[in-house]
Amino acid sequence: MSPTPGSIRIKPLDDASEARWEAFVGQAPGATFFHRAGWRRVVERAFGHRTYYAYAERDGRIVGVLPLTHIASRLFSNGLISNAFGVYGGPVADADEVHAALDAYAEEVMDRVGADFIEYRGRQALRPDWTRKSDLYVTFRREIDPDPDVNLKAIPRKQRAVVRKALKAGTLSAEIDDDVARLYRVYATSVRNLGTPVFARRYFQLLKQEFGDDCEILTLSAGGEPVASVMSFYFRDEVNPYYGGGTAAARRLGANDLMYWRVTERARERGLRLFDFGRSKHGTGSYAFKKNWGFEPEPLAYEFKLRNGKALPDVNPLNPKYRLFIAAWRKLPLPVANSVGPWLARDLG
């Protein structure tokens with residue numbers, strides 16, 4: 001039987017429909033870099049997780065998308081996440097009934113795979129009957145002005161002085177990397193020092209391979225040695241420096257501040273209008289750093305649909321039960337952390 005004109009059909013994303021998915025995400029209000037179809041391949045190949053990406057179609061036209069990943073971990077949690085390994089996610093749709101159809105699809109998948117919850121990561125809460133977690137994460141976003149002086153003056157005085165000093169010293173050189181080697185070296189050291197397991201190098205390689213020029217690596221070096229590096233995502237008129245870190249020398253040299261200034265300048269030169277500093281947790285160093293740069297925190301509204309009897313997941317470094325683990329991880333030799341870390345990090349999506 002043919003579908004009734006105007007009816008909504010939910011279909012799985014496949015290679016044949018990917019171009020249409022990308023076209024929808026490219027123009028849909030509310031869509032983000034983390035809604036792009038390429039995440040399906042990256043997550044499956046890097047971590048081996050099952051994905052259940054689906055789109056809503058009406059009269060032969062895509063009217064909504066839902067990137068959905070199942071992370072079933074014995075150590076952490078068992079959930080369907082939109083979008084896993086991303087700051088933002090959840091369905092993007094052009095009408096309430098499309099949202100409802102995609103929600104129904106997600107709930108059907110939850111029952112089928114035995115997940116404990118569905119998690120939508122977004123900037124706005126749209127489902128009053130779902131459980132919300134809006135007191136943990138914030139995002140930081142700010143307009144990029146066409147005038148570099150305006151952007152520099154938007155940085156509060158103390159941090160602006162660090163940027164000016166690093167620029168004047170001329171000690172640091174900035175380069176765009178075509179591969180992930182230097183980024184991974186710096187990033188792995190940085191997250192170990194924070195007590196966090198690092199992702200496998202292959203994950204970063206796949207991101208760069210999948211998203212090409214929309215995934216850019218900027219590395220700052222001193223005396224030929226990398227001291228700070230960041231992988232940024234470009235989407236429409238926004239830049240999101242997403243995976244970044246610095247060595248012990250970075251703070252002394254002002255490398256982290258100069259690095260994000262260089263990201264701002266590259267975005268401005270490309271004609272972009274918004275700098276998205278990404279997600280941070282209240283009470284963390286990254287939260288304080290972004291506040292010191294003059295960004296105002298914007299609460300993120302993460303929404304959860306729980307199976308009967310299941311508790312809200314609490315997998316984050318501020319959970320007291322992980323404090324001993326974090327303290328011990330910081331003391332691991334880097335080769336050990338880089339060897340064991342990817343096995344744990346694959347389930348921390």
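Numerical summary
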read-out: Counted residues, the stretch 201-226 - those being in a strand (DSSP E or B) and not hydroxyl-bearing (Ser, Thr, Tyr); value: 8
read-out: Members of the stretch 115-124 found to be over 16 Å from the mean Cα position of the chain (by Cα) and surrounded by fewer than 17 Cβ atoms within 10 Å (Cβ to Cβ), listed by number; value: 124
read-out: Check on residue 198, assigned to a helix (DSSP H, G or I), modelled with pLDDT under 95, within 16 Å of the chain's Cα centre (by Cα) and not small (Gly, Ala, Ser); value: no
read-out: Test result for residue 265, touching a helix residue (DSSP H, G or I) at 6+ places or on another chain (Cβ under 7 Å), over 24 Å from residue 143 (Cα atoms) and modelled with pLDDT of 95 or more; value: no
read-out: Qualifying residue in the stretch 92-107 (condition: closer than 20 Å to residue 311 by Cβ, modelled with pLDDT of 95 or more and among the hydrophobic types (A, V, I, L, M, F, W, C)); value: yes
read-out: Leading residue by the ranking (nearest to residue 293 (Cα to Cα)) among those in the stretch 211-266 that are among the acidic types (Asp, Glu) and within 22 Å of the chain's Cα centre (by Cα); value: 257
read-out: Helices (runs of 4 or more DSSP H) lying entirely in the stretch 96-174 (those with 1 or more residues that are under 24 Å from residue 250 (Cβ atoms)); value: 148-153, 157-169
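The values are calculated or read from the model by the stated rules, or taken from the named source; none is laboratory data. In this text, all values refer to a predicted model and were calculated from it rather than measured experimentally. Virtual Cβ from ideal backbone geometry, glycine too; neighbours counted across all protein chains shown.
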